[in-house]
Amino acid sequence: MDKLLIRGGKKLKGSVTITGAKNAALPLLAATILTDDVCVLKNIPTLTDVGTMIKILTRLGKNVTKENDVVTVRSSNTNKYKALYEIVSTMRGSICVLGPLIGKRKKAEVSFPGGCVIGPRPIDLHLKGLRDLGVNLKVKGGYLIARGEKIRGNRIYLGGHFGSSVLATANVLMAAVLARGKTIIENAACEPEIVDLAGFLKKMGAMIRGEGSHRIEISGVKKLHGCTYSLIPDRIEAGTYMLATAITKGNVFLKNASYDNLLALIDKLTEAGLNIERRKNGIRVRYTKPLRPIDVTTFAYPGFPTDLQAQMMALMTVTEGISVITEKIYPERFIHVSELSRMGAQIVLEGPNTIIKGVKRLSGAPVMASDLRASAALVLAGLVAKGETEISRIYHLDRGYDNLEKKLSRLGADIKRVKE
Ligand code: EPZ
């Protein structure tokens with residue numbers, strides 16, 4: 001296994017290109033199941049999660065090739081419908097093959113996705129939405145067994161205890177596009193990745209309105225055709241580099257980053273005193289003065305993203321004053337707190353709230369990556385800690401960040417990947 005060695009103290013300067021969105025790539029790749037025609041997806045990031053989804057599609061009878069950031073999906077066997085435990089258990093996002101398999105092949109057997117370090121990952125909303133479409137769904141031997149011969153449009157409410165669900169919205173959307181009649185999804189997720197999925201489906205011939213709002217309307221069509229489509233940039237990768245620039249007091253241009261998809265983070269960092277400017281093809285981020293502490297609560301989009309909570313906490317650990325970060329989406333998503341504390345951070349955990357007292361400087365230490373975004377927070381802390389930080393188990397980072405250490409190194413960070 002590889003590890004990262006980081007020597008803190010270098011300011012990040014220069015330009016970094018933001019790649020395609022991981023959380024768009026997974027549902028859009030799954031959506032290619034909805035047609036037997038050739039689909040070409042561009043701006044696909046090189047990530048292990050993308051590799052896992054390609055493996056699942058191959059097992060489902062698709063012939064998939066990836067050349068740099070272009071993925072071509074052809075059909076070879078269209079009768080397969082099983083997504084097996086040994087692959088699905090490595091990536092929760094695999095659950096989004098359920099909807100297109102039911103929509104196109106009218107049956108699916110998908111392993112129940114495991115939980116992960118950020119807390120329980122229920123799928124009750126996925127099951128409720130699909131059952132409301134008339135899908136016969138039962139759980140047997142750790143598998144979801146779905147039969148969709150009787151699928152038809154319906155009005156569905158998809159709000160849960162924590163609000164809307166991104167992948168439940170994706171699954172119901174993909175099951176409904178070929179279902180007879182009209183479907184209305186109330187309390188749908190509004191994430192940009194859902195808008196991107198709807199854009200791809202509409203280019204394939206689907207009839208969808210309202211994507212990006214809490215109410216999505218779908219009129220079922222008989223068939224979808226192949227097409228070529230380019231993904232949106234990854235807003236969480238962009239947000240991570242924005243926070244890396246802030247914590248190192250740097251000056252960085254985030255090429256291809258979408259300003260409009262990051263308004264909650266930009267609002268908070270501007271309040272803290274960071275200089276952030278919208279540019280034609282990206283975002284300019286400049287540290288010009290000491291930052292102020294801020295209070296953040298995570299919410300579903302367009303609220304502050306839970307996927308940037310850990311990285312924001314890393315910044316607040318070295319921001320003078322008292323900050324409060326509250327996690328409303330995954331109340332247990334604080335595995336990074338103990339590791340940051342090992343680096344000298346002063347953080348008090350009170351249920352879903354964390355109170356952070358900024359310190360002058362963190363100190364480098366051997367730490368362990370865990371959740372994808374918690375690992376990114378440790379990288380940010382390492383960029384400013386005194387001395388050397390060694391981050392092990394960085395396969396977590398490789399799931400969601402394309403060439404992280406190379407991009408940071410090109411920006412001036414003292415970071416290298418070594419064999420453990
Ligand atoms: C997506 O996961 C993202 N993953 C996650 O990013 C992200 O953290 C999450 O949305 C929230 O924004 C992908 O898109 C592949 P949810 P998803 O269903 O769709 C509860 C990353 O680091 N819930 O929107 O699985 C759930 O427990 C990953 O890139 C139910 O109660 O998340 C959570 O509290 C981590 N019942 C809340 O809803 C359900 O049936 C939001 O979860 C489904 C979810």
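The values are calculated or read from the model by the stated rules, or taken from the named source; none is laboratory data. Values in this document were obtained by computation on a predicted structure and should not be read as measured data. Every residue, glycine among them, receives a Cβ derived from its backbone with ideal geometry; neighbour counts consider all protein chains shown. Surface areas here come from the heavy atoms of the whole protein model, side chains and all, with no ligands, DNA or RNA. Shrake-Rupley method; radii C 1.70, N 1.55, O 1.52, S 1.80 Å.
Miscellaneous remarks
- Fraction of antiparallel bridges per DSSP, the chain only, in percent to nearest 5: 75 percent
- The alpha carbons of region 22-230 stretch over 40, 35, 30 Å along the principal axes, in descending order.
- The residues of region 22-230 expose on average 39 square angstrom of accessible surface per residue, using a 1.4 Å probe on protein heavy atoms.
- Cα-based shape type of region 189-262, given that a ≥ b ≥ c are square roots of the gyration tensor eigenvalues and the cut on a/c is 1.5: prolate
- 10 Å-binned pair-distance histogram of region 302-377 (Cα, whole percent): 20, 58, 21, 1
- Anisotropy class of region 112-160 from Cα gyration tensor, a/c 1.5 cut: oblate
- Calculated FRET value between Lys328 and Glu277, using beta carbons and R₀ = 22 Å, to 0.05: 0.15
- Taking every protein chain into account, the 1.4 Å probe leaves Tyr229 with about 40 Å² of accessible area, to the nearest ten.
- For region 313-382, GluC sites (Glu not before Pro) are listed when DSSP marks them as loop and at most 14 other Cβ atoms sit within 10 Å of their Cβ; the list is Glu320, Glu332.
- Placing a pseudo-label 7 Å from each Cα along the Cα-to-Cβ vector at Lys386 and Asp260 gives an inter-label distance of 4.7 nm.
- Where labels lie 7 Å past Cα in the beta-carbon direction, separation of Ile145 and Asp295 in nm: 5.2 nm
- The three principal axes of the Cα atoms in the chain give end-to-end lengths of 63, 45, 41 Å, sorted in falling order.
- Three-way shape call for region 1-96 based on the alpha-carbon gyration tensor, with the a/c threshold at 1.5: prolate
- Mean sequence separation of contacting Cα pairs (under 8 Å, at least six apart), scaled by the length of region 22-230, corresponds to a relative contact order of 21 percent.
- Computed from the C-beta positions of Asp267 and Lys357 and an R0 of 35 Å, the FRET efficiency is 0.90 to the nearest 0.05.
- Solvent-accessible area, 1.4 Å probe, carbon plus sulfur percent, for the chain: 52 percent
- Modelled label reach - Lys416, point 7 Å along Cα→Cβ, region 389-410 residues with backbone N closer than 15 Å: 389-391, 405-406, 409-410
- The Stokes-Einstein estimate for region 267-336, based on a Kirkwood radius over Cα pairs and taken at 25 °C with 0.890 mPa s viscosity, is a diffusion coefficient of 187 µm²/s.
- For Cys116, distant residues with modelled amide H under 5 Å away: Arg121
- DSSP beta bridges in region 22-230 [antiparallel fraction, %, rounded to 5]: 75 percent
- Calculation over all alpha carbon pairs of region 202-326 in 5 angstrom steps from 0 returns a P(r) of 2, 10, 18, 19, 15, 11, 8, 7, 5, 3, 1, 0 percent.
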